[in-house]
Structure formats: structure tokens, C-alpha cells
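Have a look at the structure that comes next, please.
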Amino acid sequence: ISKPKESNVDVLIVGAGPAGLMAAAWMAHCGINARIVDKRNAKIFTGQADGITCRTIEIFDSLGFADRVWKEALHLQEISMWNPNAEGVIHRSDRIPDTVIGVSRFQQCVLNQGRIERWFIDNIKKYSNDTISVERGVLPESLVIDESKVEDDDAYPVTVTLRTLTEEEATPVQAATASKSVVSDGLFRSNLMQEDDEADLLRKTQTRPGTEEIVHAKYVIGCDGARSWTRRALGLELEGEATDYIWGVMDIIPITDFPDIRNRCAVHSAENGSLMVIPRENRMVRLYIQLKEVVPDASGRADRSKITPDLIFRAAQKIIAPYKLDYEYCDWWTAYQIGQRIGNSFDVHNRVFLAGDAVHTHSPKAGQGMNVSMQDTFNLGWKVALVTKGICKRDILATYQSERRRIAQDLIEFDHKFSRLFLVGPAKDMMDAEGIDMEEFKRAFMRGNMFASGMQVDYGPSNLVVKAGDWCEQGDRSEKSAKLLTEAKISDEKFSKKQALATEIPVGKRLASFKVLSQADARPWHIQERLKADGRFRIVLFAGNILSAQQKARVDKFCAKLDAPESFLQRITPADKAIDSVIDILTIHSSPRRDTELLRDFPDILHPFDHHLGWDYTKVYADDVSYHEGFGDAYKNYGVDKERGCVVVVRPDQYVAYVGDIDDFEDLENYFEGCLRLPAVGVAQDISIVTETVSS
Ligand code: FAD
């Protein structure tokens, strides 16, 4: 018997669902040596998650494929509430906007998970120059962490054995087959599938089935879903419990006289339970249907084999009566029992991480499963990438658990409330304490929408986020990390002074987007369009009124410090790389654009010169009125003083890390000292791979 092949990889990702693909996308964008394996032989094609929140679309935009979502997905605009009237017959009681107005330049969309996985696969291929692709039909069989090496930056302390599966092993059992239904459950090819998905039906792994490989990894990211093998291999558990509620889900092309079938609807019937309608692409509609007839047994589990599409659909017809509902085409269906659970830890030794469904499960109705899962690895991916490259200190990895575990807890709490709103019947009258008041339902729904948009995420203080407040979630962090993170916290007084410089740029939240004009060519840009997911930190210099001599002197002094050989910027930049290869500087000034000159009024470091490419015209912007697209009024909207400006640091994932005064350079330097692996003055930076600027 020949010895198994052995290899080293910086990052190994287990599972190619939305969370794993997002992690792989970061590795591709940051030029990391990474692999992604999945036990299934094809991506999914229909069913599963379908809601895409505005924050997720902003993230897709930073990766470069939001345009595909925008074109193909169904844009949700309105929610209708349907409740029983005095006679107990359902009627439309209210309509509200689907996305909270003004929270983002995008609105919530719906499209099946298979399409989203498609775009990720394309994006990863493009940005990795085809070096990272999903290795399908590959199963990890053992995972061992060498604890003696976990503190060594250069070590590969995690050893994983991989086995290539046979075609049969890699093809999951279909729920449809199990229930003798003719409808596919999402892994089979859908009639509505796009042609460009066909390549995924062919297995790509060339390795002979049964072949074993031993992989030594610096970091492993377990994104292998709710039944996570990685979680079990680490000995970690999900805590929480299954609820008694069973729901059915169907993707159908409905034939109906229900007037709001093309709107998102919450339908509460008087006696027959509730239903949620989600209009979808390609004339489809998803129905979430409460199955009152199916009840769990004494063990708390429902017998899912008894659930058929017919049973689910009959329940839907009863809820929506007196309107008629029928279908001829069903694309996918499933049934689930809500389990609200969260992992007791999100990592082991900051070397193996869990993300997505592997560490939190909840009901899918709020459309959060896929979004929060992708946002987990959007938070983690760049951190692992920059640590691997030697740009960031390894202890920033502790912020993954501290930042994301709280989000998962909030989500489960939200899901608990949101599910209850659907499950408890409407109050019959004022004296009905059990039922739910429909005005309360509406208010809760609107609050829920804000939460569900993903815009409320607000990360706590750490060496990546300079703010006051309680350290939000330390879990079982090592004493060393806890000390580091506590030290990073600043006093309430100091923080309020800083935050007052940019009242609408809350530290810890993602940077909101407003339009500004390119100084060089007057083109309006949403500022977020300039914050690409390329692994670079960004300093956004609100330069204020650059035409004032006093203000210009402040900006010149700030830039001279940035330019000095001992500055953090010069020290972190490798000698053979451009000055913006690790930290990118964007300037937004408040003077009239036509009265200012790029080369005359702005120090060179704000628009660096390259001997082959000339001046960089993409870095300086004016907060001014555009010719065709109105006025973004960025200073006003960001709450920044137009004369004096301020300095903002934005992390590679677009979250605001720091706000400070232009004169307070030392404070800014402290921020970067806290999270970057800065070489001593005069020592050349040793970064093996450096992000190439992604051209826009
Ligand atoms: P997953 O999407 O589960 O991806 C995990 C990946 O890991 C899979 O590709 C799997 O093949 C792979 N894998 C698993 N084990 C191993 C292993 N040992 N080795 C290698 N690879 C492995 N969400 C909604 O928002 N709305 C819905 O209607 C909805 N319906 C759902 C219906 C079903 C049947 C399921 C299973 C989920 C549904 N979800 C829904 C949830 C949503 O799909 C998940 O929240 C989301 O997919 C989580 O992404 P993930 O990447 O964490 O995990």
C-alpha cells in the first residue's frame, strides 16, 4: 500500500456552502494559498435559502458581483399583512415597505442559494487566477491540532486527513426519494436552472475514489453546515433546543386569485395557522406554511417521513381560504422543525474556526441563515488572510468569536420573537391575552426588518475597533487575548470626543455610503464603491476646507507624518510594493471641486505617483454637487465638520475601526500599532504575498 500524499496549505476550508464560499472568496481576493473541499459532488441548484439582505448585497458589491444579483433577483418592495376580520375571514390589514427606507443603496432581494453559490464559484475562479476551486466529493476523516505549535506564526499545526469519495458516496440521499415524491429537493437539476450551472453537474475531482491525503494547514475553517463534522472533530457542541413547531416550505408557480401573491405577505388565519409568501424569480413563489397537524412525539421529534407536499399544500390552502390556491409546477419542497442553537465556542486555539450553520441554527423564515453565515466568514476571512500574510498580529483572530458570537445570539433571540409572532394566533378581542395584537405584530415586524437588514451590526471594542463600552463577548478566550482586548478599550469621555468628530459614522458599524465626486474627472461615486474587498485597510481622510490656509497646513502636517520613514504606513509597506498596497488612503474634501486642483492642493501621498502609471487619480473626492446625479452631501450626512474634517479608519470588511482628529496622528498610529505586525523603524517589511490593487 502506498503512503498517502502529504501537503501543506495555509488555509483549508471544509464545506462549500455560502459560508465556505465566502471564506474562499477572501482567500482568492487576498492571494492566499487555500483549498476548499466539500463532500457533495455538486453545488445545490434549487431550494434552501433565498433571501439576500441589503448588507449582503453591499458585500457582494465589494467582491464585484452585486450587479449579477441586482439583475437576476426579485426585488422585494412591499410587505402585506393579512389578518382575520371581525367575521374571521382574512383581509389585507396593512402594507409596509419591505426594506427600511434609507438604510442602504440596495434593497432586499430573493433568489435561490444555488445562483449565489454559482457567482461565488465564478468570482473565486477569477480572483484566484483559477488556483482555488471547490474540490468536490472529498471528505475529511481526521483532524489533529499540534498544541505545541499553535503559537508559532509559521507553523502548520493542524493536520487533516482527506478521502476522495466514490460517486455514490458523494451523492446525497434525496428527501424527495425518501418521501417517494416526484419533486426534487434542491440537489437535483431544476427545470428552471441556468445553463451556466451545468458544468457543476460534472464531478471535477480527478483523484481516484478512496485515495487519502494528509494536509497540514495553518488554519482550518469549518463551514460544513448544521451537522458539522469539524465541530464534532473539535469536541464542540451546539447549545439550545428544538422547538415544537413544524413548518413546510414549497417553491411553486402558484395558480391563484389571492391578490398579493407577488408581494411578501404575512398571513394569519383565524384558526388554521399562518403562512408567509415570498415572491421569487421566474414566476415562482415560496410559501412557508405552519403545519398544525404535525406534532412532535414524546422524544420531541416529528416524524418527517409522514410529511408530503400534499399535506403541506393542503395546510396552505386552508390558511389562505377563501382565496383559491393551486399549482402545477413545484420546484422544491422541504419541512423542518425549528432548532435554535448556538456553538459554545467558535474556535479552538484561533487555529480552527467554525462558521455559519456549523455554529448557529435557527428558523429560516427571517431569511437570515444564509446571510448571517456568509457574514460570519466575511468577518473572519480577511483576518485569517492578513495574519497568514504577516500583515496583522495573530491575536486579531480572537475578535472573530467576540464579534460574531454576539450576532448569533442576537439572531437566535430575534428568531425566537419573530417565530412566535407567526405561531401565536391573532387575538380574538381585547381580552384575549394568548393571541397576538396585530398592531404589535406590525411594530415588531418593522423592528425585525431593521435587524434583518444586517445594518444594526455594531462590533465591540478590540484591537480592531477603537471604542468605549463593554467587551461584548469574551467566551472562553485565553487570558492573553482578554487582557489585550481589555487594554484596547478607551474611556467613555475620550470616545465621545472622537465620535463627536463624525457623529453619523458610528465606530463598530459598517460605513454608510454617500455619493462624492472624483476630483479628477467629476464622476460621482458611492463611497462604498471605493471600499473593495481586497484585504486593505483604508484611511478615509475628511480633509475639510482645503482652500483655507489654516486647514491646508493641518492636512500637510498630517501627510508629512504619513510620509516619514518611521510612520506606520511606510513601515508596513514592503519596499518593492506601492504605498497603497496594505493601507489605502482616500480623501474627501469639502471645498468646491472646481476651485481646487488635485496636484496643487493635495500632498502627493494622497494621490501617489508611479513611474509607469503616473499620478493616481482615483483617491481624492469632493463633497460637491454632480452634473447629473444630485448632491450626496456627504459631510452633512456623515456628521463631519466641513472646515476641520477628521480621520476615519475602515477595516477591510467596511466596518469603522477608528475616528480621530487630523492633528492626533499619534492616536492613529496607536491603532495600527495595536493590530499590525509593524517592523521596527529601518527594518524592511517581510510580507510574502501582497494584495494587488483590484482595478475597478
Ligand atoms: P450549508 O449551506 O449547509 O453548507 C455546508 C456545506 O458543507 C455543504 O455544501 C455540505 O455538502 C458540506 N459538508 C457538510 N459536511 C461535510 C463534511 N463532513 N465534509 C465536507 N463537506 C461537508 N435558509 C433560509 O434563509 N431560508 C430557507 O428557506 C432555508 N431553507 C433551508 C432548507 C434546508 C433543507 C436546509 C438544509 C437549509 C435551509 N436554510 C434556509 C438555511 C440556509 O440554507 C443555511 O443557513 C445556509 O446554507 C448556511 O450556509 P452554510 O455555508 O453555513 O452551510
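The values are calculated or read from the model by the stated rules, or taken from the named source; none is laboratory data. Since the model is a prediction, treat every value here as computed from it, not as a measurement. Here the Cβ positions follow ideal geometry from the backbone for every residue, glycine too, while neighbour counts run over all protein chains shown. For accessibility, only protein heavy atoms count, side chains too; no ligands or nucleic acids. Shrake-Rupley method; radii C 1.70, N 1.55, O 1.52, S 1.80 Å.
Would you confirm whether or not the stretch 50-65 contains a residue that is more than 16 Å from the ligand (Cβ to nearest atom) and touching a strand residue (DSSP E or B) at 6+ places or on another chain (Cβ under 6 Å)?
Checked the stretch 50-65: no residue is more than 16 Å from the ligand (Cβ to nearest atom) and touching a strand residue (DSSP E or B) at 6+ places or on another chain (Cβ under 6 Å).
Identify the single condition in (1) within 28 Å of the chain's Cα centre (by Cα); (2) modelled with pLDDT of 95 or more; (3) in a loop (DSSP other than H, G, I, E, B) that Y658 does not satisfy, given that it satisfies every other one.
Of (1) within 28 Å of the chain's Cα centre (by Cα); (2) modelled with pLDDT of 95 or more; (3) in a loop (DSSP other than H, G, I, E, B), only one is false for Y658: (3).
Next up: Keeping to the stretch 498-530, report how many residues are within 23 Å of P652 (Cβ to Cβ) and either among the β-branched types (V, I, T) or in a loop (DSSP other than H, G, I, E, B) (or both).
So the answer is 13.
Restricting attention to the stretch 202-241, report how many residues are at pLDDT 95 or above, within 13 Å of the ligand (Cβ to nearest atom) and loosely packed, with under 15 Cβ neighbours inside 10 Å.
Residues flagged as at pLDDT 95 or above, within 13 Å of the ligand (Cβ to nearest atom) and loosely packed, with under 15 Cβ neighbours inside 10 Å within the stretch 202-241 amount to 1.
Let me ask something else. Residues in the stretch 333-358 that are more than 11 Å from the ligand (Cβ to nearest atom) and not β-branched (V, I, T): how many?
13
Of the conditions (1) of a type in the set (D, E); (2) within 16 Å of the ligand (Cβ to nearest atom); (3) open to solvent by 10 Å² or more (accessible area, probe 1.4 Å), D415 satisfies every one except a single condition; which number is it?
(3)
Looking only at the stretch 256-267, decide whether some residue is away from the ligand (no atom under 15 Å from the Cβ), in contact (Cβ under 8 Å) with a residue 60 or more places away in the chain and over 35 Å from the mean Cα position of the chain (by Cα).
yes
Looking at (1) more than 16 Å from the ligand (Cβ to nearest atom); (2) open to solvent by 30 Å² or more (accessible area, probe 1.4 Å); (3) at pLDDT below 85, which is the one condition that is false for R406?
(3)
Could I ask something else about it? Only one of S548, S567, S626 is surrounded by fewer than 16 Cβ atoms within 10 Å (Cβ to Cβ) and polar (S, T, N, Q). Can you tell me which? It would help to see each step written out before you state the result.
Numbers: S567 fails: surrounded by fewer than 16 Cβ atoms within 10 Å (Cβ to Cβ); S626 fails: surrounded by fewer than 16 Cβ atoms within 10 Å (Cβ to Cβ).
Among S548, S567, S626, only S548 is surrounded by fewer than 16 Cβ atoms within 10 Å (Cβ to Cβ) and polar (S, T, N, Q).
Within the stretch 252-259, does at least one residue satisfy the condition of being open to solvent by less than 10 Å² (accessible area, probe 1.4 Å), touching a Pro at 6+ places or on another chain (Cβ under 8 Å) and closer than 22 Å to Q77 by Cβ?
Scanning the stretch 252-259 turns up no residue that is open to solvent by less than 10 Å² (accessible area, probe 1.4 Å), touching a Pro at 6+ places or on another chain (Cβ under 8 Å) and closer than 22 Å to Q77 by Cβ.
For the stretch 338-358, how many residues are open to solvent by 10 Å² or more (accessible area, probe 1.4 Å) and among the hydroxyl-bearing types (S, T, Y)?
Summing the residues that are open to solvent by 10 Å² or more (accessible area, probe 1.4 Å) and among the hydroxyl-bearing types (S, T, Y) in the stretch 338-358 gives 0.
Every residue, every condition in (1) at pLDDT below 95; (2) touching a strand residue (DSSP E or B) at 6+ places or on another chain (Cβ under 6 Å); (3) open to solvent by 40 Å² or more (accessible area, probe 1.4 Å); (4) closer than 22 Å to A533 by Cβ, yes or no:
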| site | (1), (2), (3), (4) |
| --- | --- |
| E117 | yes, no, no, yes |
| S142 | no, yes, yes, no |
| L162 | no, yes, no, no |
| E169 | yes, no, yes, no |
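Okay, next question. What residue, of K515, K483, K489, is at pLDDT 95 or above and open to solvent by 20 Å² or more (accessible area, probe 1.4 Å)?
Exactly one of K515, K483, K489 is at pLDDT 95 or above and open to solvent by 20 Å² or more (accessible area, probe 1.4 Å), namely K515.
What tally of residues in the stretch 359-375 results from selecting those that are at pLDDT 90 or above and within 6 Å of the ligand (Cβ to nearest atom)? Spell out how you get there, then give the answer.
Taking the stretch 359-375 as the starting set, the residues that turn out to be at pLDDT 90 or above are 359-360, 370-375.
Now narrow it down to the ones that are within 6 Å of the ligand (Cβ to nearest atom): 370, 373.
Residues meeting the conditions: 2.
Here is a further query. Got at least one residue in the stretch 33-41 being more than 22 Å from T164 (Cβ to Cβ) and away from the ligand (no atom under 11 Å from the Cβ)?
no
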